[in-house]
Amino acid sequence: MVSVRCPLRSALLESLVMASIFTETGETFATLVKGFGVTLRNLFRKPVTENYPEEPVHFQSRYRGIHVLHRDEQGLEKCVGCFLCSAACPANCIYIEAAENRESQRISAGERYASVYNIDYSRCIFCGYCVEACPTDAITHGHGFELAPYNINALIYRKEQLLESPRSPRSSTAPTS
């Protein structure tokens, strides 16, 4: 069996291959020019320098830092020990022990409160699932960022470290003058 080569067909294939090479070369060159354009545009800008720790760090409002446990208007803890934040945490870094509230000593407004609330920041990925899961808005992300101790055990934050400072209860009477 003898195969016959068609000269018209081989010329057409060669021209398609050549067009493909030119197209690819042009696209590569355009991408390089675009990338170097970004580099040259930023090359002569003044650098932004943060003067930490002399000046406070400026964060975006959406920054996810060290968690804060909140209190309500009466100064009671908002956390009712429901374990939803612990269940939502994919890193399993939140440990809670709940206890019953007593009428003689109220810790939170609910029936229960978190007697132990620990977050292990060596495991936390700052995903925010715990904040979204909390039905009482007891936990949020603060703007704390200094998490670099020499001892790994110092990365386990207890309830006392996470609680915001207690507010004084607002008086129901107007001030007299």
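For residue 34, the lysines whose Cα falls under 26 Å of its own Cα, not counting residues fewer than eight places away in the same chain, are 46.
Taking each residue as 0.36 nm, the span from residue 22 to residue 127 lengthens on full extension beyond its C-alpha to C-alpha distance by 33.1 nm.
A short reminder: the numbers here are calculations on the coordinates, not readings from a lab. Only a predicted model underlies this, so the values are computations on that prediction, with no experimental measurement involved.
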